[in-house]
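Written below as structure tokens is the structure these notes are about.
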Amino acid sequence: ETGVTQTPRHLVMGMTNKKSLKCEQHLGHNAMYWYKQSAKKPLELMFVYSLEERVENNSVPSRFSPECPNSSHLFLHLHTLQPEDSALYLCASSPEVTETQYFGPGTRLLVL
Amino acid sequence: DQQVKQNSPSLSVQEGRISILNCDYTNSMFDYFLWYKKYPAEGPTFLISISSIKDKNEDGRFTVFLNKSAKHLSLHIVPSQPGDSAVYFCAASGVGNEKLTFGTGTRLTIIP
């Protein structure tokens, strides 16, 4: 498989659940990103990892917890989310930070 | 405060004609600009970019123009094809900054 993949593609969870989103890139890139896209809002950068080190946390609530075990994998752990967290969550990667980013298909999350 | 603005949420263009998508920015520190294209149920796909040292970049049917004094960029697609129907996002970043700031997108519909 090539490019950036994300699983699951769709997720419905209750406010007390704990779930994780997974992103995998097969491009040999060193940087990975999580974005949130809410309806009628710009894409919002959440986290940036470079060589498995977090280099940016864009004032994201602690109920979102990223994990980057290696340069090919990125997780977003979710717990006690709110309905307003329902959105499309996109993962991206780039050869190095500041270079062009390539996106996965996203996970459509619905919090009930 | 939205630093990257796409003021037209939608645009319809006849097949074969020119499509012009516009983007304005407010941050004078931005020096690298990108256009992404997004189909439903897919992540954004990188289309074309331009750095602030240029005022034009061309790639096949796609040309991006940058007017730094007006803080304005545009994407021209000519001739427009039905497969160009998608949402187009403008994005910008500053020197050495891994953070991409996105606009809200313009939905382009090509009418056969």
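Below, the figures for the structure above:
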read-out	value
Hey, A:F75 part of a strand (DSSP E or B), modelled with pLDDT of 95 or more, aromatic (F, W, Y) and touching a strand residue (DSSP E or B) at 6+ places or on another chain (Cβ under 7 Å) or not	yes
Tally, over the range A:59-90, of residues that are within 18 Å of A:F103 (Cβ to Cβ) and either out of contact with any Asp or Glu (no Cβ under 7 Å at 6 or more places or on another chain) or of a type in the set (A, V, I, L, M) (or both)	7
2 or more residues over 19 Å from B:Q14 (Cβ atoms): qualifying strands (runs of 3 or more DSSP E) within the range B:63-112	B:72-77, B:86-94
Some residue of the range A:20-40 being modelled with pLDDT under 90, surrounded by 17 or more Cβ atoms within 10 Å (Cβ to Cβ) and under 30 Å from B:N7 (Cβ atoms)	no
Residue check, B:I77 surrounded by 16 or more Cβ atoms within 10 Å (Cβ to Cβ), within 13 Å of chain A (Cβ to nearest Cβ) and under 12 Å from the mean Cα position of the chain (by Cα)	no
Residue within the range B:21-41 that is among the basic types (K, R) and not in a strand (DSSP E or B) present	no
Any hit, the range B:83-104, residues being surrounded by fewer than 17 Cβ atoms within 10 Å (Cβ to Cβ), at the interface with another protein chain (Cβ under 8 Å from one of its Cβ atoms) and not charged (D, E, K, R)	yes
Test: A:V97 is farther than 21 Å from A:K18 by Cβ and part of a strand (DSSP E or B)	no
Residue list for the range B:15-32, filter: touching a Ser or Thr at 6+ places or on another chain (Cβ under 8 Å) and at pLDDT below 95	B:N27, B:F30, B:D31, B:Y32
Top-ranked residue in the range B:18-61 [being more than 13 Å from chain A (Cβ to nearest Cβ) and touching a helix residue (DSSP H, G or I) at 6+ places or on another chain (Cβ under 9 Å); ranked as surrounded by the fewest Cβ atoms within 10 Å (Cβ to Cβ)]	B:R61
Matching residues in the range A:44-69 - criterion: being at pLDDT 90 or above and part of a loop (DSSP other than H, G, I, E, B)	A:V60, A:P61, A:S62, A:R63
Residue satisfying all of: in the range B:42-62; over 28 Å from A:L88 (Cα atoms) and in a loop (DSSP other than H, G, I, E, B); farthest from the chain's Cα centre (by Cα) among these	B:I53
Residue list for the range A:67-99, filter: within 14 Å of another protein chain (Cβ to nearest Cβ), surrounded by fewer than 17 Cβ atoms within 10 Å (Cβ to Cβ) and out of contact with any Gly (no Cβ under 9 Å at 6 or more places or on another chain)	A:E96, A:E99
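The values are calculated or read from the model by the stated rules, or taken from the named source; none is laboratory data. If you're wondering where the values come from, they're calculated on a predicted model, not measured in any experiment. Glycine also receives a Cβ, built like all others from the backbone with ideal geometry; neighbour counts cover every protein chain displayed.
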